[in-house]
Amino acid sequence: MSVATRPLFAFDNSFVRELDGLYVPWQGAAVPAPRLLALNEQLAAELGVDAGALRAEAGVGVLAGAVVPDGAAPVAQAYAGHQFGSYSPRLGDGRALLLGEILDTRGRRRDLHLKGSGRTPFARGADGKAVVGPMLREYVIGEAMHALGIPTSRALAVVATGEAVMRETALPGAVLARVAASHIRVGTFQYAAMTGGPELVRRLADHAIRRHHPHAAAAENPYLAFYESVIDAQAALVAQWMLVGFVHGVMNTDNMAISGETIDYGPCAFMDTFDPATVFSLIDYAGRYAYGNQPHIAPWNLARLAEALLALIDEDTDTAIAAATETLQTFPERFGRYWSAGMHAKLGFTRADELTGTLIDDLLTLLRTQAVDYTSSFRGLSTWLRDDRARAHALFTEPSAFDAWASRWREQLAHERSDPRQVASAMDRVNPVYIARNHRVEEALAAATAGDLEPLHRLLDVLAAPFDERPGLEPYAAPAPPSAAAYRTFCGT
């Protein structure tokens, strides 16, 4: 009697079935010596996948892109995009593959996607490879964002390929296995509109509605309702980025997901000293994607989505433009509402009015003018409410200015009849003590590139519980020392 071997993944492939014209069937390149560097066992459990099977030789081969698992229909997805404001009509997965879709243990459809699996027809002359540092960086930042409660793609695994990849120097190669609600982007719609016209855009929009915004199907104008839903999801997402000091760094239209998840972690980083002009990406010379510009870039990108949807919104172009414009103009209010609610929670307010808004603005001005660490400041405030003033004072070069603001803040909390210790506890539930500090991330990645994975695993353990202050982890809560050089990031290509 023979027993059928259980497939590694139970794939479904709706993107391939429904969206011919938006992909090219392809397979990953062979790799000489695949070796598992990191496996996200929690995520594997969510997917209903046996972590032990992923650790086995056959599983590692699949995660490296060298083996096509049963049921997969690997494709390189096509998309266009505005990159730093300049339109590129044909981008696509130049070094990536969509293996297929998995229904997880909660019934959610999720993509399994490889990055660094070799050249595809969209590679545009590049080698299609990736290296250990940037792939582990995406793993770390994605897990940090997930633990903070921010919608995000997540890494299932990183596999070393056993080959050297030439960048500025020879670096160890790696493949990232990534899970996302989908990889449908604003740029996917741009490509569909350019290559297939309204018919392909309609198929893509119908697919995206079923998958991400099903309530739009019942609306009087489903495609306008879909557009409104995407706007709302992005307004909420960017507000969450801003509330934790996250800088995406490369908000091109091909990096904005229709699902409202954070995808394509490249030159991203978390801000230390509060400054709206903060830029980390070495190539963002003009600061287009600076921290403070993110709420303005998002609607610019969403305007590009509207252009692709116009023919579906209304047969009359002028009517479609008017409807899309009116809908897009709701973005500032939506973003402001999400941002305000989050900031009020960060400061323990139960009411929102002109006075609390002024207190928020004045605190941010104080943080900027005194170059205060953004994350530490909010945890310092909660200790201040517990009558430990030293922690907050140590953050400010002029503590008297902080004391004047804090007195007004305390008066507002008293006016709301809030118990200070209860407020402090509520604040600690939304203000992280641990974020992916840039210098800690770089230390872990440098060690991993050299073959030592212990600092990486330690960092991941810290970031898994960002709101729970734990003895012995003080170095992970501290910003980089003042002597550290200005932090710069790269796309990792």
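Taking ASP461 as the residue in question, decide whether it is at pLDDT 95 or above, part of a loop (DSSP other than H, G, I, E, B) and either among the basic types (Lys, Arg) or surrounded by fewer than 14 Cβ atoms within 10 Å (Cβ to Cβ) (or both). Answer is no for this residue.
Scanning the stretch 464-486 for residues that are touching a His at 6+ places or on another chain (Cβ under 9 Å) and buried (at least 17 other Cβ atoms within 10 Å of the Cβ) returns PRO479, ALA480.
Rundown of residues vs (1) surrounded by fewer than 19 Cβ atoms within 10 Å (Cβ to Cβ); (2) modelled with pLDDT of 95 or more; (3) touching a helix residue (DSSP H, G or I) at 6+ places or on another chain (Cβ under 9 Å); (4) in a helix (DSSP H, G or I), yes/no style:
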| site | (1), (2), (3), (4) |
| --- | --- |
| PRO332 | yes, yes, yes, yes |
| PHE335 | no, yes, yes, yes |
| ALA390 | yes, no, yes, yes |
| ALA401 | yes, yes, yes, yes |
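Selection of first residues in the stretch 475-493 that are outside any helix (DSSP H, G or I) and of second residues that are modelled with pLDDT of 80 or more and loosely packed, with under 13 Cβ neighbours inside 10 Å, restricted to Cβ pairs under 6 Å at least 6 apart or on distinct chains, gives the following pairs, ordered by first then second residue: ARG488/LEU282; PHE490/LEU282.
Candidates in the stretch 41-69 are the residues that are touching a Pro at 6+ places or on another chain (Cβ under 7 Å) and hydrophobic (A, V, I, L, M, F, W, C); of these, the one that is nearest to LEU114 (Cα to Cα) is ALA64. Across the stretch 423-451, the number of residues qualifying as among the charged types (D, E, K, R) and open to solvent by less than 10 Å² (accessible area, probe 1.4 Å) comes to 1.
All but one of (1) modelled with pLDDT under 95; (2) closer than 24 Å to ARG106 by Cα hold for VAL3; which doesn't? Failing condition for VAL3: (2).
For ALA298, the stated conditions do not hold, so it cannot be described as within 19 Å of ARG185 (Cα to Cα) and more than 22 Å from the chain's Cα centre (by Cα).
Quick one: would you say ALA205 is open to solvent by less than 10 Å² (accessible area, probe 1.4 Å), more than 15 Å from LEU310 (Cα to Cα), among the small types (Gly, Ala, Ser) and in a helix (DSSP H, G or I)? No: the conditions fail for ALA205. Looking across the stretch 177-201, just one residue is among the small types (Gly, Ala, Ser), farther than 22 Å from PRO299 by Cβ and part of a helix (DSSP H, G or I), and that is GLY197.
The values are calculated or read from the model by the stated rules, or taken from the named source; none is laboratory data. Note that this is a predicted model, so its numbers are computed, not measured. Here the Cβ is made from the backbone with ideal geometry for all residues, glycine too, and neighbour counts use every protein chain on show. All accessible areas refer to the heavy atoms of the entire protein, side chains included, with ligands and DNA or RNA removed. Shrake-Rupley method; radii C 1.70, N 1.55, O 1.52, S 1.80 Å.
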